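What follows is a set of notes on a single structure, which appears directly below.
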Amino acid sequence: MHLSRFYRLPLLLGFALAGCTATPARTDYRAAEVQPVEVMPQRDGDVLIRYHVPAETLFHSPGADVRTASDGSLEVSLRRCGIRQPCTVTHPAAATAGAPLQVEFVVRPRGRIIMVYRDLREQVFPAPPAAAAPSS
């Protein structure tokens, strides 16, 4: 099939633009399902993220997918996978010693860390400023 130049150009531009769009982070949990989420800076500049794993029989959380957003912040999406399906993550989680329903992983931020849930986006590092107290 021969396409004239008139038809090829929009087609090529469409493919080029599709390749430039950032893939949205996959989010599997609502914020309330994995609370508490603890964010603990480490001495070496890393940040330890620990979260609660819901007690489920057919699913598990292997860790998180972490991607760098256009503004340089890290977007962290906690993953939920079926126990019989292959599931890879960018940051595998390990069980927390002495806490059977908590797992943790480490990231190295270059700026802010944003937790991305199905129902919420929340900056967790650095800790957002506390809301100003109402004046009396």
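Which of the residues spanning the range 29-61 are crowded, with 17+ Cβ neighbours inside 10 Å, part of a loop (DSSP other than H, G, I, E, B) and of a type outside the set (G, A, S)?
Answer for the range 29-61, where residues must be crowded, with 17+ Cβ neighbours inside 10 Å, part of a loop (DSSP other than H, G, I, E, B) and of a type outside the set (G, A, S): Y29, V53.
Please go through the range 65-101 and give me each residue that is exposed (fewer than 10 other Cβ atoms within 10 Å of the Cβ) and in contact (Cβ under 8 Å) with a residue 24 or more places away in the chain, ordered by number.
Passing the criteria: S70, D71.
So which strands (runs of 3 or more DSSP E) are wholly in the range 85-136 and hold at least 1 residues that are farther than 24 Å from A55 by Cβ, modelled with pLDDT of 95 or more and not aliphatic (A, V, I, L, M)? Show your work before the answer.
On the way: elements: 94-96, 99-107, 113-116, 121-125.
It comes to 121-125.
The values are calculated or read from the model by the stated rules, or taken from the named source; none is laboratory data. In this text the structure is predicted, and so the values were computed from the model without any measurement. Glycine gets a Cβ as well: all are built from the backbone with ideal geometry, and neighbour counts include every protein chain shown.
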